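Shown next, in C-alpha cells, is the structure this report addresses.
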Amino acid sequence: MFIKEVKDNLEGNIIPFWEKLRDNQYGGFYGFYDFDLKLHKEATKGVILNSRILWFFTNAYTTLGEKECLIHAKHAYEFLKKACLDKEYGGVYWSITYNGKPEDMTKHTYNQAFAIYALSSYYGATKDSESLKLAYDLFELIETKCKDSIGYLEAFDRTFQPVDNEKLSENGLMASKTMNTLLHVFEAYTELYRVVKVKNDEDILHHPDLNARQGMQMGVKQEKVGKCLRWIMDQFADVLFNTERRILEVFFDENMKTLSDLNSYGHDIEASWLIDRGCEVLGDEAYTAKMRKVTDALREHILEEGFDGTSLNNECFKGEVDTTKIWWVEAEAVLGFINGYQKDNSKKEYMDAAAKIWDFIKNYMIDKRSGSEWFYDLNKKGEPISRKEIVGPWKCPYHNGRMCFEVIKRNIDW
C-alpha cells in the first residue's frame, strides 16, 4: 500500500506538475509559482532549482523508464549548459533572468555542488560524455577555488573572490562555513563517484565507452573523488559531529569553530542516510564502520528529540523547538527512518515513524488543490502558515521526488 501511494503521488501529482513548468520559449523551467497557484513566467530562474529539476527528471527516467522524463531532463540540461555556466570564469551562476541572461553572478559552493549532482546523474542515465566532463570541471573548480586546508568555503563573486555568505546563513549569523554545504558537496561527489565506479584498473582499461587513455584518466579522477569523500567523512565524524548531543553542528567561522546552539532536525536525518549512501558507493569498510557510529547516533537522536509522534519538527535553536513542518524535512524524515530500519531490522520504531510521517504528508503536506503539488510549510495542525510559494528558488521536486524514487527502488512496504 505504501509503495503504491508513493508511486501514485509521483506519477499522478509531482511529475505532471513539474512538466507544466517547462519554458519552451526561453529554456529551462519557470522560476516561480505562488501560493495562489499563479505562474510568474518572468520570474528569476534559480540555478539550484534548475539543477534539481535536471536531477529530478533524470532520476524519474531511471526509476520509472518513462522516456518523456528523459526529454524533460535534456531540456533542463541544455539550459544549464547554455545559460547557467559561466564560460569566462567557470562555475555556475546563482540565478538567471527569465529569458536566459545572468542575473545574480554569485558563485556559491553549494550551487556548484548541485550542478555536479545533476550532471553526474544525467551522465549515468545517458552516457553523455560532455555532461561528465562538465561535472569533473566543476569538481576541480570546487577543489581549487572553494576550499582551504580546513574546509569548504561558501560564497564568492563571479571571479571567485570571497564575499559574505548571506545566502546560506540564518538565525542572525554570518557563517564562513556550513554543514549544509559540506553535506551537499558530499552528496554530489558520491553521485559523481557512483556513475563512473569500476571495480579495478582492468575494468577501466576495458570500459566499453572509453579508449585506454580516457580510461586511465577516469581512473585517476575517480581516485581523487574517492579521496575527497574520505576527507569529508572525516570532517563529519571528527569536526561537525557533537558526540555528547548526537547532532551535527551547523554554522562555523573560518576556523570551523561552532557559531550557534542549533540542531537542524531535517539536515541531521538527511545526513544520516546520505552518509550511509556514500559509504555504500565508496565501499571502504573502515569508513563504513567509522561513519555507522555517527549515522546511528543521528537517527536515534532525531527519533527521540525531533519526531513529535506525527511528523518531524524543523529545528531547535538555543533550546527552543521550531515546530514548523517543512516539505523537505518531512520527505527526508521518511527516507531517513526507512534507511535506518533497513540498516537494522530490529528498529521497528523507525518504520513506525516513517509510516506516521507519510500519513501526515498525504493528509496535509500534499496540496489537494487542482494544479498544485506540496505545500512549502505547515503548522503542527497541518495548516499552511506562511503562504510561501509552491515553486521558487528553493522549492523544488528534489526532496519529495527523491523520497519517492528511493521508496520505489528500496521496495519496502507496509
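What to note about this one:
- Close Cβ contacts (under 7 Å, 6 or more residues apart or on different chains) running from residues in region 86-103 that are more than 18 Å from residue 141 (Cβ to Cβ) to residues that are aliphatic (A, V, I, L, M) comprise 95/47; 96/47; 96/83; 98/43; 100/83; 103/96.
- Residue match in region 289-304 (condition: touching a residue at least 60 places away in the same chain (Cβ under 8 Å) and either over 27 Å from residue 16 (Cβ atoms) or touching an Asp or Glu at 6+ places or on another chain (Cβ under 8 Å) (or both)): no
- Listed by position, the helices (runs of 4 or more DSSP H) contained in region 1-86 that have at least 2 residues being small (Gly, Ala, Ser) are 47-64, 67-79.
- Leading residue by the ranking (most open to solvent (accessible area, probe 1.4 Å)) among those in region 1-32 that are within 21 Å of the chain's Cα centre (by Cα) and of a type in the set (Phe, Trp, Tyr): 32
- Consider region 141-160 and keep the residues that are within 24 Å of residue 78 (Cα to Cα) and touching a helix residue (DSSP H, G or I) at 6+ places or on another chain (Cβ under 9 Å). The one that is most open to solvent (accessible area, probe 1.4 Å) is 141.
- Verdict on residue 270 being under 18 Å from residue 235 (Cα atoms), modelled with pLDDT of 95 or more and surrounded by 21 or more Cβ atoms within 10 Å (Cβ to Cβ): yes
- Among the residues of region 234-258, those that are surrounded by fewer than 20 Cβ atoms within 10 Å (Cβ to Cβ) and over 17 Å from residue 290 (Cα atoms) comprise 245, 253, 254, 255, 256, 257, 258.
- Each residue in region 164-186 was checked for being out of contact with any Leu (no Cβ under 8 Å at 6 or more places or on another chain) and at pLDDT 95 or above, and 2 of them qualify.
- Filtered residues of region 80-115 (kept if among the hydrophobic types (A, V, I, L, M, F, W, C), under 21 Å from residue 191 (Cα atoms) and open to solvent by 10 Å² or more (accessible area, probe 1.4 Å)): 85
- Sub-8 Å Cβ pairs linking a first residue in region 263-278 that is within 14 Å of residue 241 (Cα to Cα) and charged (D, E, K, R) to a second residue that is open to solvent by 10 Å² or more (accessible area, probe 1.4 Å) and part of a helix (DSSP H, G or I), at least 6 apart or interchain, are 268/301, ordered by first then second residue.
- Total residues in region 187-237, condition of a type in the set (Lys, Arg) and either modelled with pLDDT under 85 or part of a loop (DSSP other than H, G, I, E, B) (or both): 3
- Of all residues in region 135-159, exactly one satisfies the criterion of being farther than 17 Å from residue 229 by Cα and of a type in the set (Val, Ile, Thr), namely 159.
- Yes/no for residue 305 being surrounded by fewer than 16 Cβ atoms within 10 Å (Cβ to Cβ), at pLDDT 95 or above and over 23 Å from residue 150 (Cβ atoms): no
The values are calculated or read from the model by the stated rules, or taken from the named source; none is laboratory data. All values derive from a computational prediction rather than experimental measurement. Reconstructed Cβ throughout: ideal geometry from the backbone, glycine too, with neighbour counts over all protein chains shown. Note: accessible area is taken over every heavy atom of the protein model, side chains too, but ligands, DNA and RNA are not part of it. Shrake-Rupley method; radii C 1.70, N 1.55, O 1.52, S 1.80 Å.
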